[in-house]
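Colleague: Pasting a structure below so you can have a look.
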Amino acid sequence: MELKSAWNHVGMQGYISFGLIRTAIANQAKKHLLAEERRLVCEAMCHDVSTADQFYTTVPDIVEIFCVRELRVKAMEQEDGLEQDIQSTDNEPGLTATSDSGNE
């Protein structure tokens, strides 16, 4: 039976491929196994650890997603603060955003 047919036959929904299965295995091995155990899993999948790191995309769990989201928000807030500082400096007399350093 073809993989997609078997997937549907057991009541699973959505898209499935051997690539997705290999990615899931590689991700779980990277997250939860010791280096030697991970090497053995990669070897069983007919590649080495560097190949897994290069070609299989890490799928973050929900906690990791929210941590990264908080970091992105923090970065945007800092960027907004920097832009406000630049704008307030632009309004000061005698200062320009593109000042000449005199190094010509």
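Colleague: Students often get this wrong: which residues of region 25-40 have the backbone nitrogen under 15 Å from the point 7 angstrom along Cα-to-C-beta of R69?
Modeller: The answer is none.
Colleague: When a/c reaches 1.5 or more, the comparison of a/b and b/c decides; with that in mind, is region 1-77 rounded, prolate or oblate per its Cα gyration tensor?
Modeller: Oblate, since a/c reaches 1.5 and b/c is not below a/b.
Colleague: Quick one: pull the percent of accessible area on region 11-66 belonging to carbon and sulfur, 1.4 Å probe, ligands and nucleic acids left out.
Modeller: 66 percent
Colleague: Which ³J(HN,Hα) values, rounded to whole Hz and listed in residue order, are derived for region 28-34 from phi using the Karplus coefficients 6.51, -1.76 and 1.60 in 6.51 cos²θ - 1.76 cosθ + 1.60 with θ = phi - 60°, glycine and proline given as x?
Modeller: Coupling constants for region 28-34: 5, 4, 5, 6, 10, 10, 5 Hz.
The values are calculated or read from the model by the stated rules, or taken from the named source; none is laboratory data. Because the structure is a prediction, the values reported are computed rather than measured. Cβ atoms come from the backbone with ideal geometry, glycine included; neighbour counts cover every protein chain shown. All accessible areas refer to the heavy atoms of the entire protein, side chains included, with ligands and DNA or RNA removed. Shrake-Rupley method; radii C 1.70, N 1.55, O 1.52, S 1.80 Å.
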